[in-house]
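Participant: First the structure, then my questions, so here it is.
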Amino acid sequence: MSEPVVEKHTIGYVPPEDRHGKVRDLFTLWFGTNIAPLPVVTGAAGVTVFHLDLVWAIVAIVVGHLVGGVFMALHSAQGPQMGIPQMIQSRGQFGSYGALIVVVIAAVMYLAFFASNIVLAGQSLHGIAEPVPVSAGIVLGALGSGLICVIGYRFIHALNRVATWVLGVGIVLGIAAIFVAGVPSTFWTQGEYTTAGFLATVSLAALWQIAFAPYVSDYSRYLPADVGVAATFKATYLGCTLGSILPFVFGAVVGLAMTPGADVMTGVRDTTGPLGPLLLVLFLASVISHNALNLYGTVLSMITCVQTFVARWIPTARTRLVLSVAVMAVSAYVAIGVSGNFISHFVDIVLALLVVLVPWTAINLIDFYLIHRGNYDLDSIFAADGGIYGRFNGKAILAYVLGIAVQVPFMNTPLYAGPVSGWLNGADLSWIIGLVVTGPVYYVLARGTTLRASELAPAHAPAV
């Protein structure tokens, strides 16, 4: 059976006859996706913002990604079992209306990453051809990502199979080129270990992984239902952690080698010698491809919000096209306005997102793997009243609110710094506390939940 060029599904259940692909595709998807300018800039923050030396920055980067990747990959493993997007699946924990709390947060997150990425697309294009203003590059970056998003799932996978090899080799050569060209005399003496800087860098790396959690299973839901949880987990985990560590480390190296005060993309061009312009071209192509995932996630979240109140509406590819164009236009306008102070805005958003994403991650994983054990009634998930899950699940909402509240004393963000963070010289342990508290609390509250007969039956298409 021939496959449509443009993806026809949006938030609906993917039936068995539309399932395709191999589990290894998840490795190339998440490896290729992460070799992009934004993780390079984020990795540089370990040395430019948190002032670690190179060795401690690399240790923090590796620890953060390896820990955060566990949660991200556990979410990915849900996709083949459920055949529906992650945010729709959250109705099984929070209820049809209660899940909107998380859906709206996820939409804001996607928008923040989308806007951040098109800023980097603009900066990369300007670095390649200086007469082209950053604002024009932002618009072109948004249009390119929009085209990929509209075509959809299969095209995104195909692009990243190519990107895994091209960008993987490119970034390794970029690191080598910096040392071949010669690093400044201060390269090995800049920065030092601080607990606050180390934990902040670990947190940024962990959040980079956890930030994929609200949409990671959207890209595994097309795999055949008999794909095992372990295989899905392994392919996703290795692809996303290895694909993230490389550009983060590259960013840290660039941050120490570049002229102080320069933006990171300019630093990439100036520190990698003759390879610099080619890397900027590759990064420009990468950020456009990578950013399609953020636009795709934004649109699915918006559709989920509307479908909550119009239960029988499962929109078509045309709806996804219209929403994609609207989101692109608004994001490009905002991105042009913040492009001059990009890094500080992005770090602020990242630290704020960490607080609200962690409790959801804990609840979703506990519910899927320990409470419902992967069995959900899909008719109820798509029902206006939430069916057997109701409009609100008070237990999940209580655990979620508590999970946010317990983090407050441990926070250290530009908006608020808690007292415990002050005692630890600025170290931010909030995300660790959020995970440790929320999961057990939700398990205790929900462990008495009895699986209905409909949940014990094999997954089936919702009656919509």
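The values are calculated or read from the model by the stated rules, or taken from the named source; none is laboratory data. Note that the coordinates shown come from a computational prediction; the quantities given were computed from them, not determined experimentally. Heads up, the Cβs are rebuilt from the backbone with ideal geometry, glycines too, and the neighbour counts pull from every protein chain shown.
Participant: Just name the residue that is modelled with the highest pLDDT out of those in the range 408-451 that are under 29 Å from D226 (Cβ atoms) and surrounded by fewer than 16 Cβ atoms within 10 Å (Cβ to Cβ).
Facilitator: R447
Participant: Here's another thing I want to ask about it. Which count do you get for residues in the range 220-257 that are within 12 Å of the chain's Cα centre (by Cα) and among the hydrophobic types (A, V, I, L, M, F, W, C)?
Facilitator: 1
Participant: Among the numbered criteria (1) in a helix (DSSP H, G or I); (2) under 16 Å from G69 (Cα atoms), which single criterion is violated by V249?
Facilitator: Of the numbered conditions (1) in a helix (DSSP H, G or I); (2) under 16 Å from G69 (Cα atoms), the odd one out for V249 is (2).
Participant: Name the pairs whose Cβ atoms lie under 8 Å apart, with the first residue in the range 309-323 and closer than 18 Å to V14 by Cβ and small (G, A, S), the second at pLDDT below 75 and not in a helix (DSSP H, G or I), and 6 or more positions between them or separate chains?
Facilitator: As it stands, the answer is A317/V6; A317/E7; A317/K8; A317/T10; A317/G152, since those pairs meet every condition given.
Participant: Which residue pairs have Cβ atoms under 7 Å apart, sit 6 or more places apart or on different chains, and have a first residue in the range 88-104 that is closer than 18 Å to L353 by Cβ and touching a residue at least 40 places away in the same chain (Cβ under 8 Å) and a second that is part of a loop (DSSP other than H, G, I, E, B) and hydrophobic (A, V, I, L, M, F, W, C)?
Facilitator: Here the result reads S90/A99, each pair linking the range 88-104 to a residue that is part of a loop (DSSP other than H, G, I, E, B) and hydrophobic (A, V, I, L, M, F, W, C).
Participant: Let me ask another. Could you count how many residues in the range 250-280 are closer than 18 Å to V169 by Cα, of a type in the set (V, I, T) and at pLDDT below 85?
Facilitator: Within the range 250-280, residues that are closer than 18 Å to V169 by Cα, of a type in the set (V, I, T) and at pLDDT below 85 number 0.
Participant: Of all residues being among the β-branched types (V, I, T) and in a helix (DSSP H, G or I) in the range 252-263, which is surrounded by the most Cβ atoms within 10 Å (Cβ to Cβ)? Just the residue, please.
Facilitator: Taking the range 252-263 and keeping what is among the β-branched types (V, I, T), we get 253-254, 259.
Now drop any that are not in a helix (DSSP H, G or I), which leaves 253-254.
Details: V253: 26, V254: 29.
For the range 252-263, the residue satisfying everything is V254.
Participant: Tell me, which residue of the range 372-405 that is of a type in the set (A, V, I, L, M) and in contact with a Pro (Cβ under 9 Å, 6 or more places away or on another chain) is surrounded by the most Cβ atoms within 10 Å (Cβ to Cβ)? Before you say what the answer is, go through the steps one by one.
Facilitator: Initial filter on the range 372-405 (of a type in the set (A, V, I, L, M)): 378, 381, 383-384, 388, 396-399, 401-402, 404-405.
Filter once more, so that each one left must be in contact with a Pro (Cβ under 9 Å, 6 or more places away or on another chain): 378, 381, 383, 399, 401-402, 404.
Details: L378: 24, I381: 22, A383: 21, A399: 27, V401: 13, L402: 17, I404: 16.
That would be A399.
Participant: Just checking, does the range 157-179 include any residue being more than 20 Å from the chain's Cα centre (by Cα), assigned to a loop (DSSP other than H, G, I, E, B) and surrounded by fewer than 24 Cβ atoms within 10 Å (Cβ to Cβ)?
Facilitator: First, pick out the residues of the range 157-179 that are more than 20 Å from the chain's Cα centre (by Cα): 162, 165-166, 169-179.
Okay, now just the ones that are also assigned to a loop (DSSP other than H, G, I, E, B), so none.
Taking every residue of the range 157-179 in turn, none turns out to be more than 20 Å from the chain's Cα centre (by Cα), assigned to a loop (DSSP other than H, G, I, E, B) and surrounded by fewer than 24 Cβ atoms within 10 Å (Cβ to Cβ).
Participant: Mind checking which residues of the range 323-370 are at pLDDT below 70 and under 29 Å from L74 (Cα atoms)? Break it down stepwise before answering.
Facilitator: Taking the range 323-370 first, the residues at pLDDT below 70 are 338-351.
Those that are at pLDDT below 70 and under 29 Å from L74 (Cα atoms): F346, V347, D348, I349, V350, L351.
Participant: Against the definition (under 23 Å from V334 (Cβ atoms) and not in a loop (DSSP other than H, G, I, E, B)), how does G69 come out, yes or no?
Facilitator: Working: under 23 Å from V334 (Cβ atoms): no; not in a loop (DSSP other than H, G, I, E, B): yes.
No; evaluated as a whole, the condition is false for this residue.
Participant: Go over the candidates S203, S217, S145 one by one and state the one that is under 16 Å from the mean Cα position of the chain (by Cα), touching a residue at least 40 places away in the same chain (Cβ under 8 Å) and farther than 26 Å from F250 by Cα. Walk me through how you get there before you give the answer.
Facilitator: Numbers: S203 fails: farther than 26 Å from F250 by Cα; S145 fails: farther than 26 Å from F250 by Cα.
Checking each option against the conditions leaves just S217.
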